[in-house]
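Asker: To start, I am sharing the structure in question, which I have written as structure tokens.
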Amino acid sequence: MALWLSSTADAATLVTAARRAAEAAGVTVSVTVVDTGGHLLIFRRDDRAVLISGETSIRKAYTALQLNAPTAELVGAVQPGGLFHTLPTALDRPLLFIAGGVPVRRDGRLIGAMGVGGAAPEQHHAFATAAVEALVRRRAP
């Protein structure tokens, strides 16, 4: 089995699942999926999603990819005294430590990441996690 997001179909599965979860919650979102190089595979902003949600979903996906961890687990790390306190301003490409970015793994290996923005951070994390689970179910034998 390939160890990357093998097609735009995989990325589309992630976006569709995240958007369905958001619709069920009655919110509009932006969803971003990146490959292992941090390159954009797919981006979708719902018509009524706030404009900034596009940028936040991109940054969350990139952050989850670079640190191979859900952004929800990293929020405390950028607080004063935290392990990554200066990291958000130390890099050329901006990171975002708000819940909603999750790494995408296959067979335990990092294959990409996704980010969701537009609602409450806890919802973003739930939508992204549901999307990754949908991809795993789709790929299961």
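Asker: Note down all Cβ pairs under 8 Å where the first residue falls in segment 66-88 and is more than 24 Å from Ala128 (Cα to Cα) and in contact (Cβ under 8 Å) with a residue 40 or more places away in the chain, the second is surrounded by 14 or more Cβ atoms within 10 Å (Cβ to Cβ) and aliphatic (A, V, I, L, M), and they're at least six residues apart or on different chains.
Answerer: none
Asker: Of the residues Gly100, Gly117, Gly54, Gly108, which single one is without any contact (Cβ under 8 Å) to a residue 24 or more places away in the chain and of a type in the set (Gly, Ala, Ser)? Lay out the reasoning, then the answer.
Answerer: Numbers: Gly100 fails: without any contact (Cβ under 8 Å) to a residue 24 or more places away in the chain; Gly117 fails: without any contact (Cβ under 8 Å) to a residue 24 or more places away in the chain; Gly54 fails: without any contact (Cβ under 8 Å) to a residue 24 or more places away in the chain.
Testing whether each residue is without any contact (Cβ under 8 Å) to a residue 24 or more places away in the chain and of a type in the set (Gly, Ala, Ser) leaves just Gly108.
Asker: So which residues in segment 121-141 are aliphatic (A, V, I, L, M) and either under 12 Å from Ala72 (Cα atoms) or touching a Lys or Arg at 6+ places or on another chain (Cβ under 6 Å) (or both), if there are any at all?
Answerer: Going through segment 121-141, the residues aliphatic (A, V, I, L, M) turn out to be 126, 128, 130-132, 134-136, 140.
Listed by number, the residues that qualify are Ala126, Ala128.
Asker: Ok, one more. So which of Ala9, Ala22, Ala49 ends up being of a type in the set (Gly, Ala, Ser) and in contact with a Phe, Trp or Tyr (Cβ under 9 Å, 6 or more places away or on another chain)? If you could, list the steps in order and put the result at the bottom.
Answerer: On the way: Ala9 fails: in contact with a Phe, Trp or Tyr (Cβ under 9 Å, 6 or more places away or on another chain); Ala49 fails: in contact with a Phe, Trp or Tyr (Cβ under 9 Å, 6 or more places away or on another chain).
Among Ala9, Ala22, Ala49, only Ala22 is of a type in the set (Gly, Ala, Ser) and in contact with a Phe, Trp or Tyr (Cβ under 9 Å, 6 or more places away or on another chain).
Asker: Of all residues in segment 24-36, count the ones that are within 18 Å of Ala9 (Cα to Cα) and surrounded by fewer than 17 Cβ atoms within 10 Å (Cβ to Cβ).
Answerer: Qualifying residue count for the region: 1.
Per-residue answers, yes or no, for (1) under 16 Å from Phe43 (Cα atoms); (2) at pLDDT below 90; (3) touching a helix residue (DSSP H, G or I) at 6+ places or on another chain (Cβ under 6 Å); (4) of a type in the set (A, V, I, L, M, F, W, C):
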| position | (1), (2), (3), (4) |
| --- | --- |
| Leu87 | no, yes, no, yes |
| Leu91 | no, yes, no, yes |
| Ile98 | no, no, yes, yes |
| Arg106 | no, yes, no, no |
| Gly112 | yes, no, no, no |
| Gly117 | yes, no, yes, no |
| Glu122 | no, no, no, no |
| Thr129 | no, no, no, no |
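Asker: Next question, about the same structure. Can you name every residue in segment 46-103 that is in contact with a strand residue (DSSP E or B) (Cβ under 6 Å, 6 or more places away or on another chain), assigned to a loop (DSSP other than H, G, I, E, B) and surrounded by 14 or more Cβ atoms within 10 Å (Cβ to Cβ)?
Answerer: Once the filter is applied, which keeps residues that are in contact with a strand residue (DSSP E or B) (Cβ under 6 Å, 6 or more places away or on another chain), assigned to a loop (DSSP other than H, G, I, E, B) and surrounded by 14 or more Cβ atoms within 10 Å (Cβ to Cβ), segment 46-103 yields Ala49, Pro70, Gly100.
The values are calculated or read from the model by the stated rules, or taken from the named source; none is laboratory data. This structure is a prediction, so every number in the text was calculated from the model and none was measured. Using ideal geometry, Cβ is built from the backbone for each residue, glycine included, and neighbour counts are taken over all protein chains shown.
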